[in-house]
Amino acid sequence: MSNTTSPKLIVGRDGSELAEVASAIGSDVDVMKDIIAIATDSFCSGSASTFGRVKVGILGGTGPQGRGLARRFAGAGHHVVIGSRSAERAERIAAEYAEIEGSGRIAGGSNSDAAASELVIVTVPYDGHAELLASLAAELAGKIVVDCVNPLGFDKQGPYPLRITAGSAAQEAQQLLPDSTVIAAFHHVSAVLLDDPDVDHFDDAVLVLGEDRDAVAVVCELATAIPGARGIYAGRLRNAGQIEALAANLIAINRRYKTHAGVVITGVS
């Protein structure tokens, strides 16, 4: 078994910096204190998961990111439903993962089948994002929906972020799913490494954004299904645009250095 040794993008910010901002803005000190509490709270410290096993549905789960996440979630004991426009394809791929030692059960089906899960992750290409979510709004009502879609374009100069009217794919998802709690996460963990059974440790931070503190906590906990990874609260959903866009930079790094780069956050214990 091997550890990942890919170069990481290092981003540093600690509580004292936030405290200085809080002091400077006067009447909004209490708001900043709440932000500091969320950013440093133990539920996003990367500790071992304690919220138990859940049934996770993955929309567009037959793609690289969906398959990689399915492998890791199942390996941590969660029941995973891989969804696809082609239920037959999803069932075939699920069968390939069924022999993961110590894993939870993996099933395949339609995207509607996946949407029936307790927690749902969106990994579809952006060009099918809005149509799919709008069609599943009723099935996803009352649930945590984790959007990890990176809206990117590609041309002769390489990858670039698309301009999204709502601000980001995650914000678009929340507009389309008013009765769901949308969280943005899992944008930067390499699909190649996630789906490599020989990789048994990740240094990555999973940046988690959202409006609901309890839902953020659940997704931070879910991130620990990826061995060595940790969930880090990274702001409200309005900040998801730059998180999604960062994927273009990581792809450029990967192409230049022939690697699978990820993100590490310093200064958060």
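The values are calculated or read from the model by the stated rules, or taken from the named source; none is laboratory data. Quick caveat: nothing in here was measured; it's all calculated off a predicted structure. Cβ sites come from the backbone with ideal geometry, for glycine too, and all protein chains shown count toward neighbours.
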Provide a single number: the residues in the stretch 101-130 that are in a loop (DSSP other than H, G, I, E, B), under 20 Å from A191 (Cα atoms) and in contact (Cβ under 8 Å) with a residue 60 or more places away in the chain.
-> 3
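Take D203 and decide whether it is out of contact with any helix residue (DSSP H, G or I) (no Cβ under 8 Å at 6 or more places or on another chain) and assigned to a loop (DSSP other than H, G, I, E, B).
For D203, the condition - out of contact with any helix residue (DSSP H, G or I) (no Cβ under 8 Å at 6 or more places or on another chain) and assigned to a loop (DSSP other than H, G, I, E, B) - is met.
Residue-wise test of (1) within 18 Å of I121 (Cα to Cα); (2) aliphatic (A, V, I, L, M); (3) not in a strand (DSSP E or B).
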{"site": "E211", "(1), (2), (3)": "yes, no, yes"}
{"site": "C220", "(1), (2), (3)": "yes, no, yes"}
{"site": "Q242", "(1), (2), (3)": "no, no, yes"}
{"site": "L246", "(1), (2), (3)": "no, yes, yes"}
Could you tell me whether any residue of the stretch 225-240 is over 14 Å from the mean Cα position of the chain (by Cα), among the basic types (K, R), within 24 Å of R71 (Cβ to Cβ) and surrounded by fewer than 21 Cβ atoms within 10 Å (Cβ to Cβ)?
-> no
Out of all the residues in the stretch 64-95, which are touching a Gly at 6+ places or on another chain (Cβ under 9 Å), closer than 20 Å to C220 by Cβ and either assigned to a helix (DSSP H, G or I) or among the hydroxyl-bearing types (S, T, Y) (or both)?
-> L69, A70, F73, A74, G75
Contacts under 8 angstrom Cβ, first residue in the stretch 247-264 being in contact (Cβ under 8 Å) with a residue 40 or more places away in the chain and within 20 Å of C148 (Cα to Cα), partner among the β-branched types (V, I, T) and not in a loop (DSSP other than H, G, I, E, B), 6 or more apart = L250/V263; H260/V192; A261/I253; V263/V11; V264/I10; V264/V11
Within the stretch 110-150, how many residues turn out to be surrounded by fewer than 21 Cβ atoms within 10 Å (Cβ to Cβ) and either among the basic types (K, R) or farther than 15 Å from V54 by Cβ (or both)?
-> 17
Test D179 against the stated conditions and say whether it is assigned to a loop (DSSP other than H, G, I, E, B), touching a strand residue (DSSP E or B) at 6+ places or on another chain (Cβ under 7 Å) and farther than 16 Å from I58 by Cα.
-> no
Name the one entry in G167, G153, G142 that is part of a loop (DSSP other than H, G, I, E, B), more than 11 Å from the chain's Cα centre (by Cα) and either farther than 17 Å from V56 by Cα or of a type in the set (V, I, T) (or both).
-> G167
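Going by the conditions given, is F51 touching a helix residue (DSSP H, G or I) at 6+ places or on another chain (Cβ under 6 Å), modelled with pLDDT under 95 and either of a type in the set (S, T, N, Q) or surrounded by 14 or more Cβ atoms within 10 Å (Cβ to Cβ) (or both)?
Numbers: touching a helix residue (DSSP H, G or I) at 6+ places or on another chain (Cβ under 6 Å): yes; modelled with pLDDT under 95: yes; either of a type in the set (S, T, N, Q) or surrounded by 14 or more Cβ atoms within 10 Å (Cβ to Cβ) (or both): no.
No.
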